[in-house]
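The structure appears below as structure tokens.
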Amino acid sequence: MESKKEFFLECYKLGIIKFGRFTLKSGIESPFYVDLRPLASDPKILKNLANYLLEMLPLDNFDLICGVPYAALPMATAMSLESYIPLIIKRKEAKDYGTKKMIEGIYQKGQNCLLVEDVITSGKSLLETIPEIEQEDLNVSDIVVVLDREQGGKQLLESKGYRVHTLFNISEVCTILQETGDLSEEEVKRIQDFLLGNHIQFEEKTRCSYEQKLTQAQHSVSKKLLETALAKKSNLIASADVTTTQELLALADKVGPHIIALKTHIDIISDFEYEKTITPLKELAAKHQFLLMEDRKFADIGNTQELQFTSGVFKITDWADFVTSQVIGGFESLDCFKNVGVVAIIGMSSKGTLTTNNYREEALKVALSHPNVIGGVSQNPIPDDILLFTPGVNLADSGDGKGQQYNTPEHVFKTLHTDFIIVGRGIYKSENPEAAAVAYKNEGWNAYVKSL
Ligand code: S5P
């Protein structure tokens, strides 16, 4: 087996400890959160874990093994398989029919049972579990624990005469993760403070204002968007998902004064003709001072994206100020968007989207490093370096029955620190699209100001 430290790092990769700001069941705020259940989903790790735990123990002492439900059940099972010590199962609640037994399996009075627990904090839950086993005339002398949160549990149980064997404790975990660069000195200090029982202060993360973002903005399109937002006191992008040129132009003229950009899906316009559709649209954009955002969501290799961007009937390169693009084709696939800003699709708003945590993390790396990228579309916060665009905003509905999921402007500004909201049907399907645009503009602006 590898060293204990290497083994811990393998476990850590499964996401068993998270650092940040968490509210525990008790209402206390903790700088870390532990959940060891993912360990059971990696058979090799689970088997190694069982052997690490067994290695610490005087095995001849035990006739039985029992895990505290639920997280420790697979651990206890794996230990039983590795050691041939029989397993018994403790129920969480007694059956309300039949035998009313609390313990399932084969055992005899007077046998000694090893108790397995995933995490020990104050020790109180173990002190509730032990009597339930002892009640069946079984002896408990030893408890083996995977992670000690070092909040008094070990001492409490030892003071009652139990031996507690712990594989990892949070202090050594911090040391390992500081060595690997996963934790900063400041974070470790905060965790130590927390373990000493001190009330710790979390910094309130504040959002950057449009003015601050404007001073940092590198790309001319980011600057233009931020300047327009400040001038119009609007962070609204209307999504014009209409299917005729006439509807598109009528909507653009009505909502134009209240928005910072009009988002198109130009390939859904059935009577598209460059001269009849784009030329007047560009005039309206100039008249009402909004930008044109083509939501093409490119998702191919660089060469194909370049052709889709510059050729065909739509000639997006000639008129769009910025476009959306997936980053699935990798960094170089974004090189072709030379004269526009790119908004990278980081996370989608639809139910069951494949833009999971891992995907978003990788997508962000591409987005943050590419000079053409001005922002990202996401339903999660993203770093302040780029602008956050959030669709899936609607004041009246929570979904559309086709997978779309909606939030309110207030929610996205407060929790995501979004920069711009994208509203489609909330505006163009409204009986009075202009009034709806004004309502979303005001809601969005007030929510932004409140979030500062
Ligand atoms: O994750 C996303 C990304 C985008 S760009 N979810 C989205 O809904 N969109 C787009 O935003 C979508 O293609 C549509 O044009 C608009 C939302 O429209 P609504 O009618 O649901 O507000």
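The values are calculated or read from the model by the stated rules, or taken from the named source; none is laboratory data. Every value quoted in this text rests on a predicted model; they were computed, and no experiment measured them. As a convention, Cβ positions derive from the backbone with ideal geometry for all residues, glycine included, and neighbour counts pool all protein chains shown. Keep in mind that these areas ignore ligands, DNA and RNA; they rest on the heavy atoms of the full protein, side chains included. Shrake-Rupley method; radii C 1.70, N 1.55, O 1.52, S 1.80 Å.
Overview of values
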| quantity | calculated |
| --- | --- |
| Sites matching GluC sites (Glu not before Pro) across region 249-340 that sit in DSSP coil, with at most 11 neighbouring C-beta atoms within 10 Å | 273 |
| Rounded accessible area of residue 219 (nearest 10 Å², 1.4 Å probe) | 30 |
| Cα-based convex hull volume of region 4-195 per residue, rounded to whole Å³ | 123 |
| In Å², nearest 10: area of residue 21 left accessible to a 1.4 Å probe | 110 |
| DSSP-defined beta bridges in the chain - what % are antiparallel, rounded to 5 | 15 |
| Global form of region 166-290, assessed from the alpha-carbon gyration tensor, a/c cut-off 1.5 | prolate |
| Within region 364-449, GluC sites (Glu not before Pro) in DSSP loop having at most 15 other beta-carbon neighbours inside 10 Å | 431 |
| Whichever lysines have a C-alpha closer than 25 Å to that of residue 338, once near sequence neighbours (fewer than 8 apart) are set aside | 213, 223, 224, 263, 282, 297, 315, 365 |
| Long-range amide H partners of residue 345 with built H, under 5 Å | 325, 326, 327, 377 |
| Cut-off 9 Å between beta-carbons: net charge of the residues surrounding residue 138, Lys and Arg +1, Asp and Glu -1 | -3 |
| Tail beyond 40 Å, pair distance distribution of the chain (Cα, percent) | 40 |
| Cα pair distances exceeding 16 angstrom across region 311-417, given as percent | 61 |
| Gyration tensor (alpha-carbon) shape descriptor, region 23-133, a/c threshold 1.5 | oblate |
| Neighbour-limited loop hits for trypsin sites (Lys or Arg not before Pro), region 292-377 (at most 14 other Cβ within 10 Å; DSSP other than H, G, I, E, B) | 315, 338, 351 |
| Mean shadow area of region 210-451, taken as a quarter of the surface of its Cα convex hull (nm²) | 11.8 |
| Span from the region 354-401 Cα centroid across to the region 162-186 one, whole angstrom | 33 |
